[in-house]
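Down below is the structure, laid out as structure tokens.
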Amino acid sequence: MSSCFADSDRELLNRASDLLQQQNPQSAYRILEKHEDKYAGWWEYDYLLGVAALESGKANLAIFSLQRALAMNPNLVGAHLDLGRAYYEVNELVPAKAEFNLVLTKKPNKKVNAVARNFLRRIENKSSPVRFSFQYTLESIAGYDSNANSATDEKTFNGFDLASENIRTASSFLTLKASTVMHAKMSKKNSFDLGASFSQRENHKISQVDYINASVNVGWKYRHKYAEQSIGGQFSRTNIANNLESKVSAMNFGLRFRLINDADLRFNSSFSYNQHDESQSNRNAIQTMLGANIFKKGIQRYHPSMTGSLIIGENIPRSSKSSQGKSLKGGRLGLQKVFPKYSYTKVRIDGGLLYSNYKNVQDGISSEKRADQLTDISLTLSVRILKSWETSIKSSYSQNKSNIDLYKYTRISGAFSVRKYL
């Protein structure tokens, strides 16, 4: 069939093929769809049009084009694979399964064989009444922290010399982390998650802030046509240098609404009981938080996605009157970009501002009512290598401004991590 194309026609197909290779299916589709009346029925054109439509999120249109291509060239293995993918996207599981099984009978190369078998496993999971999926990760993180103990630069306060652990200390560090997540989809509307994680951080120069953390969380989600509601619980326990133990028990509630243009509006609330057991005293508090978050996907597949949130909260010590404690309010902004040529490469920028207004004199240190302003920003570059390995480079900056000098500090850190998905 290809011999019937003139040089100008061949140039059109080559341009579209190049755009697909460059991970720009939207442009390829726009170029090809203008000539459908002229070229529909030629399998090379129909195949490229179908792939461009599929990669542009137009699975229904892709089905018709790929069916036309296979009518003229039924032995085109790639078209059978992409047609199966298109059926899968529109939840037509029976014809999708038939296409993937047909691909396997053609004895394709290892890559195509793996893709077909992976989709067949997904179809099998979707067909069962309850579908389970598991993910396990191991991660090691090495880095440098300019202020590992988040302390002031000053050596004295109100005429008293501060202990060394209360003065800014820079240190390299190593963190090891293991986590697991189980996701169970009970029906089209109901799903259940159970997760656990364990991490340990060792600082080279200041062991007083070394910690071990273990946490467990559970959550349930119910999806409506335009909204999703969730409820969950979390328990976390942290031991810091064997002289401080912190426990947090929390209940979380959420509502998510789907807006136009691939945007989500989310409302979150949490109620937690915080326990801090030190060697000489115990401090318990109840904390409530309310938040609103907007998440916006990029207009096209590789355009940046953005998120913004506002939060307010209250932290009240159990042993104190309700007029004591502190109020919290702030917000965050985030931006994430995935690069088209390297689909496993992501850059994420995240920053936030949190105000803490204390309603009572803290620990008798100062006669002033404490007020803090914490600003932080981080930049992360993540690259997936091979199939199950990911490396990340992260740098962050935080500054706490306070009307009490003891609580002022700045902190800069950088880290390199390697993560293995099991």
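Using only the C-alpha atoms, the convex hull of segment 1-157 corresponds to 230 Å³ per residue. Packing order of peptides 219-225, 41-47, highest average first: 41-47, 219-225 (average count of other Cβ atoms within 10 Å over each peptide's residues). Going from the fewest other Cβ atoms within 10 Å to the most, the residues 189, 97 appear in the order 189, 97.
Here is the link list: 297/346; 185/221; 58/225; 369/401; 221/329. Which ones come out longer than 18 Å on Cα distance? Among 297/346; 185/221; 58/225; 369/401; 221/329, the Cα-Cα distance tops 18 Å for 58/225; 221/329.
One Cα centroid belongs to segment 181-226, the other to segment 105-163; the line between them spans 11 Å.
Charging the Cβ of each Asp and Glu at -1 and of each Lys and Arg at +1, and nothing else, the dipole of the chain about its Cα centre rounds to 880 debye. Model label sites at residue 290 and residue 267, defined 7 Å from Cα along the beta-carbon direction, differ in position by 0.9 nm. Shape call for segment 179-220 from the C-alpha gyration tensor, a ≥ b ≥ c root eigenvalues: rounded (a/c under 1.5), prolate (a/b greater than b/c) or oblate? Here segment 179-220 falls in the prolate category. From the coordinates of this entry, Rg and Dmax of the Cα atoms in Å is computed, and it appears in [x] 25.3, 112; [y] 22.8, 71; [z] 27.6, 92 under the label [z].
Every read-out reported here was derived from the displayed coordinates using simple, explicitly stated rules and does not represent laboratory data. Computed from a predicted model, the values in this text were never measured in an experiment. Please note: Cβ atoms are built from the backbone with ideal geometry, for glycine as well, and neighbour counts cover all protein chains shown.
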